[in-house]
Amino acid sequence: MKYRKGIHAGAYAPHSDSKSAIITEGKAAVFDRITRANGTSEFEDFLDSLSEKDAAKLLAVISKVETLGLQIAIRMQWVRKLEDDLYELRSQQGRDIQRAIYFHVGANCYVITHGFTKKSQRTPAREIRHAKELRRRYRMGETK
């Protein structure tokens, strides 16, 4: 199943391959994802690799954070700060633990770098390094 940006307030959802606008009005937070030059997204590839239940759970967390805001998300432990301007969205379905790393780009807008399945308590250093590199490329204009 392909996941694309849904028209409903910027939340990720199964959608057609057509481009649709991000609607930010009335949202506490809006998430986008980094897109490679060829139009693909590492985060969407990650979602496509998950089971339907795992993908749905992670997408539900993103939607709840967008709707309810980061303060509630922090209290509910849906998000966690990794380091300066690098955070993770947290999702768990049974024993499967999914994470998506994101950073702040302005106002209530955030960009997801990529996702991964966590196998230990700590976020692997290689995942943080990868997110930093993707964030650097985004800020340099090498990706969208």
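Per residue of the range 122-128, in order, report the coupling 6.51 cos²θ - 1.76 cosθ + 1.60 (Karplus, θ = phi - 60°) as ³J(HN,Hα) in whole Hz, putting x for Gly and Pro.
Ordered by residue, 3J(HN,Hα) equals 8, 6, x, 4, 5, 5, 5 Hz.
Can you pull the one-decimal nm distance between simple spin-label points at LYS119 and LYS144, each 7 Å off the Cα toward Cβ?
With each label point 7 Å from Cα toward Cβ, the separation is 3.5 nm.
Want the number for GLN77 to ASP48: 0.36 nm per residue separation, take away the alpha-carbon distance, what's left? Spell out each step's value before the answer.
Values: separation 29, 0.36 × 29 = 10.44 nm, distance 2.44 nm.
Computed gain between GLN77 and ASP48 is 8.0 nm.
Let me see the pair-distance distribution of the range 42-144: every alpha carbon pair, 5 Å bin width, integer percents in order.
Taking all Cα pairs of the range 42-144, the binned fractions are 2, 12, 25, 25, 21, 12, 3, 0 percent.
Using amide H atoms built 1.01 Å from N in the peptide plane, name the residues 5+ places from THR35, or on other chains, whose amide H lies under 5 Å from its own.
Counting only residues 5 or more places away or on other chains, the set is LYS144.
With unit charges on the beta carbons (Lys and Arg positive, Asp and Glu negative) and the dipole taken about the Cα centre of the range 42-126, which residue among LEU50, ALA60, GLN71 sits farthest to the positive side?
Farthest towards the positive end: GLN71.
Which far-off residues, 5 or more places away or on another chain, put their amide H under 5 Å from the one on GLN98, with H placed in the peptide plane?
SER91, GLN92, GLN93, LYS118
Distance in nm between label sites at HIS104 and ASN38, each 7 Å beyond Cα in the beta-carbon direction?
With each label point 7 Å from Cα toward Cβ, the separation is 3.5 nm.
What's the ranking of 55-67, 124-136, 73-85 by average number of surrounding C-beta atoms within 10 Å, highest first?
The most tightly packed comes first, giving 55-67, 124-136, 73-85.
FYI, it's all coordinate maths here, none of it is from the lab. These numbers were taken from a predicted model, which means no experiment stands behind them. Heads up, the Cβs are rebuilt from the backbone with ideal geometry, glycines too, and the neighbour counts pull from every protein chain shown.
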